[in-house]
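Colleague: This is the structure, below, for whatever I ask next.
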Amino acid sequence: MLGLMQSQPLLISSLIEFADRHHSDGEIISRRVEGDIHRYTWSDVAKRSRQVANALDGMKLAFSDRVATLAWNGYRHLELYFGVSGSGRVLHTINPRLHPDQVVWIANHAEDQILCFDMSFLPIVQAVHARCSTIKQFVAMCDADKLPADSGIPNLISYEAWIGKQSTQYSWPQFDENSASSMCYTSGTTGNPKAALYSHRSTTLHAYAAALPDVMGLSARDSVLPVVPMFHVNAWGIPYSAALTGCKLVFPGPAMDGKSIYELIEAEKVSYAAGVPTVWQMMLGHMKPAGLKFSTLKRTVIGGSACPPAMIHAFQEDYGVEVLHAWGMTEMSPLGTLNTLKNKQLGLPQDEQMKIRLKQGRAIYGVDMKIVDADGKELPWDGKTYGDLLVKGPWIVKEYFKGEGGDPLKYDEAGAGWFPTGDVATIDESGFMQITDRSKDVIKSGGEWISSIDVENIAMAHPAIAMAACVGMPHPKWDERPIIAVVKKPGMEVSRDELIKFYDGKTAKWQIPDDVVFVDAIPLGATGKMQKMKLREQLKDYKLPTA
Ligand code: AMP
């Protein structure tokens with residue numbers, strides 16, 4: 001017997017229609033590429049998304065055709081999120097920090113039909129447009145009078161001219177909720193990039209779950225600043241959850257430096273922010289010397305790479321901001337776990353609570369996870385045993401776009417397919433997961449594993465260290481020994497021996513790095529993550545003093 005409830009497909013258009021009807025005057029604030037602050041409402045987003053949809057219909061774009069963006073977090077990008085997907089096309093957010101050759105490869109692989117870009121990225125588009133064989137129309141996301149006359153890009157139009165002539169009325173089409181809605185290529189370190197292809201169903205379910213109080217906990221009372229880019233896994237789904245909750249959204253545009261972000265938080269009374277650790281590192285680096293404090297910021301989600309405990313302490317103790325440590329992947333839309341304490345843990349002493357908060361958190365309903373050994377056997381949840389982390393759920397990929405890389409899943413005895421995350425983790429009795437490492441970054445010393453994240457976290461707690469990356473170096477006796485590459489904070493000093501001594505009592509002796517290498521910068525990838533492969537290349541002539 002079937003239930004007798006209405007069946008309505010979960011479509012992205014329903015999110016913007018809801019925001020329009022119930023939060024029409026909710027504010028959307030954007031710092032624009034031009035430098036000024038743009039203000040409008042959810043009602044305006046809805047109107048202009050409908051204009052985008054009409055523009056795409058006018059160009060006869062087919063269902064599921066791809067529309068690409070090279071854009072910062074801003075209001076026009078938000079309109080494309082809803083207008084492109086809502087009308088049945090697929091939004092392909094391209095990471096502008098990729099090498100132009102990779103942009104070409106990705107745009108051709110996705111068979112993008114249109115590319116909308118912020119004017120900051122005009123040089124990239126000028127460099128690549130002739131090689132993007134499927135793109136029929138380039139759209140500069142600017143006012144009509146700002147369109148460069150001599151861009152060299154054939155038939156270039158401005159976004160405002162493109163949508164400006166369209167009707168603000170549109171009847172969103174209804175279709176199968178499993179239809180593709182958006183796509184994002186992973187920053188994969190080997191081989192060609194592979195794309196996660198999200199669906200309306202996966203995106204809407206993810207938006208629901210993300211808004212739960214123990215997940216992102218977004219609400220209509222919040223003023224939310226997603227620093228995490230809209231070109232990186234849909235800004236962790238915040239644009240969708242924002243429409244669902246009607247929160248105020250504050251977009252930083254291209255100004256991602258600590259000072260600009262801090263000023264925006266204060267000016268727009270931001271209560272909630274989200275971003276990767278490197279961004280917050282810059283902001284705290286700006287605030288501390290100037291003695292600045294937050295007047296409204298209450299919570300921040302930090303993820304994308306391990307949040308150093310020193311940062312969680314600083315936010316909480318120096319600034320009264322609660323850090324929600326989160327973990328996820330492009331392949332997971334991206335949310336997998338988020339760290340909020342359970343009722344039974346609230347009575348624990350502060351230091352015990354802090355130990356839990358440092359972990360990557362517990363699974364959200366919609367994500368099932370387990371750790372397994374090399375034979376695929378499930379390992380215990382004791383907080384000590386570590387293994388390969390596998391996940392499954394309705395917003396996790398089952399395969400990559402165009403079947404790239406074959407079937408990525410691992411199947412259990414019951415035939416259920418699990419996605420191997422490539423992360424190594426422990427899970428404790430209460431279900432809190434802690435990432436030990438990327439499986440390829442784990443250091444194997446004398447048959448024991450050393451977590452590079454643990455080694456980095458200790459260095460990051462030293463007041464003179466701005467950034468730290470731990471890698472294994474070949475050793476004749478121990479196979480590998482850890483070394484730590486560090487960037488010093490400007491004007492601060494620490495010697496090799498002082499830093500090594502700093503590890504005393506903080507970790508087991510054999511886990512203390514054998515050496516310190518001072519570097520000007522740690523190579524960062526397109527999504528702000530440390531690129532250890534590049535670092536290892538840079539250190540290829542390095543010789544361990546202990547070897
Ligand atoms: P991406 O798909 O580019 O977002 O990268 C996903 C990977 O980032 C994960 O598989 C983890 O290795 C890493 N990652 C994400 N969040 C965290 C976190 N909170 N702690 C440690 N690693 C993380």
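Since every read-out is calculated from the coordinates, none of them should be taken as a lab result. Every value quoted in this text rests on a predicted model; they were computed, and no experiment measured them. Note that each Cβ is placed from the backbone with ideal geometry, even for glycine, and that neighbours are counted across all protein chains shown.
Colleague: Within the set LYS359/LYS402; LYS384/LYS444; LYS288/LYS509; LYS384/LYS534, which residue pairs have Cα atoms separated by over 27 Å?
Modeller: LYS359/LYS402; LYS288/LYS509; LYS384/LYS534
Colleague: With both partners inside the range 12-255, how many of the DSSP beta bridges are antiparallel, as a percent to the nearest 5?
Modeller: 30 percent
Colleague: Rg to Rh for the chain: what is it, with Cα atoms only and Rh by Kirkwood?
Modeller: Numbers: Rg = 23.6 Å, Rh = 24.4 Å.
With Rg and the Kirkwood Rh in hand, the quotient comes to 0.96.
Colleague: Out of the DSSP beta bridges found with both residues in the range 450-547, what percent are antiparallel (nearest 5)?
Modeller: Among the beta bridges of the range 450-547, antiparallel pairing accounts for roughly 75 percent.
Colleague: Report, in whole Å, the centroid distance computed from the Cα atoms of the range 396-439 and the range 287-312.
Modeller: Using only Cα atoms, the two centres lie 30 Å from each other.
Colleague: On to the next question. Measuring from centroid to centroid over Cα atoms, what is the spacing of the range 334-350 and the range 32-77 in Å?
Modeller: Each part's Cα centre sits 37 Å from the other's.
Colleague: State, in angstrom, two size descriptors of the range 12-255 derived from its alpha carbons: Rg to one decimal place and Dmax to the nearest whole number.
Modeller: So, for the range 12-255, Rg and Dmax equal 16.7, 51 Å respectively.
Colleague: Which order do the peptides 112-119, 256-263 come out in when sorted by mean C-beta neighbours inside 10 angstrom, highest first?
Modeller: Descending packing order for the listed peptides: 112-119, 256-263.
Colleague: Another question, if that's okay. Only bridges with both residues in the chain count here: give the DSSP antiparallel percent, nearest 5.
Modeller: 55 percent
Colleague: Mind listing which chymotrypsin sites (Phe, Trp or Tyr not before Pro) in the range 364-434 are in a DSSP loop and have 14 or fewer other Cβ atoms within 10 Å?
Modeller: TYR365
Colleague: Can you list the aspartates and glutamates whose alpha carbon sits under 15 Å from that of LYS392, skipping same-chain ones fewer than 8 residues off?
Modeller: Within the straight-line cut-off, LYS392 pairs with GLU331, ASP368, GLU378, ASP407, ASP412, GLU413, ASP423.
Colleague: Give me the percent relative contact order of the range 12-255, please, defined on Cα pairs under 8 angstrom at least 6 residues apart.
Modeller: 25 percent
Colleague: Write out the GluC sites (Glu not before Pro) in the range 383-487 meeting two conditions: DSSP loop, and at most 13 other Cβ atoms within 10 Å of their Cβ.
Modeller: Numbers: sites: GLU399, GLU404, GLU413, GLU429, GLU448, GLU456, GLU480; in loops: GLU399, GLU404, GLU413, GLU429.
The qualifying sites are GLU413, GLU429.
Colleague: Nothing charged except the Cβ atoms of Lys and Arg (+1) and of Asp and Glu (-1): what's the magnitude of the dipole of the chain about its Cα centre? Round to the nearest 20 debye.
Modeller: Dipole magnitude for the chain comes out near 360 debye.
Colleague: Label points 7 Å out from Cα along the Cβ direction at SER7 and SER167: separation in nm?
Modeller: For SER7 paired with SER167, the spin-label model returns 3.0 nm.
Colleague: Along Cα→Cβ, 7 Å out, is where each label goes; now give me the distance between the ones at ALA62 and ILE37 in nm to one decimal.
Modeller: Roughly 4.6 nm, to one decimal.
Colleague: For the range 353-495, what relative contact order do you get, as a whole percent, if you take Cα pairs closer than 8 Å and at least 6 residues apart?
Modeller: Answer for the range 353-495 is 18 percent.
Colleague: Using helices alone, I'd like the mean residue ellipticity at 222 nm for the chain: each DSSP H run of four-plus residues gives -39500 (n - 2.57), total over residue count, nearest 500.
Modeller: -7500 deg cm²/dmol
Colleague: Taking only C-alpha pairs under 8 Å that are 6+ residues apart, what is the relative contact order of the chain in percent?
Modeller: On the way: 1154 pairs, mean separation 55.6, N = 547.
Answer for the chain is 10 percent.
Colleague: Among the aspartates and glutamates, which fall within straight-line cross-link reach of LYS488, defined as a Cα-Cα distance under 16 Å, with same-chain neighbours fewer than 8 residues apart omitted?
Modeller: GLU456, ASP497, GLU498, ASP515, ASP520
Colleague: What's the ranking of 246-253, 218-225 by average number of surrounding C-beta atoms within 10 Å, highest first?
Modeller: Numbers: 246-253: 24.8, 218-225: 19.2.
Highest-to-lowest ranking by the protection proxy: 246-253, 218-225.
Colleague: Residue-wise, which Karplus ³J(HN,Hα) couplings in Hz belong to the range 479-491, taking 6.51 cos²θ - 1.76 cosθ + 1.60, θ = phi - 60°, and x for glycine or proline?
Modeller: Residue by residue, the range 479-491 yields 6, 9, 10, x, 10, 10, 9, 10, 10, 7, 5, x, x Hz.
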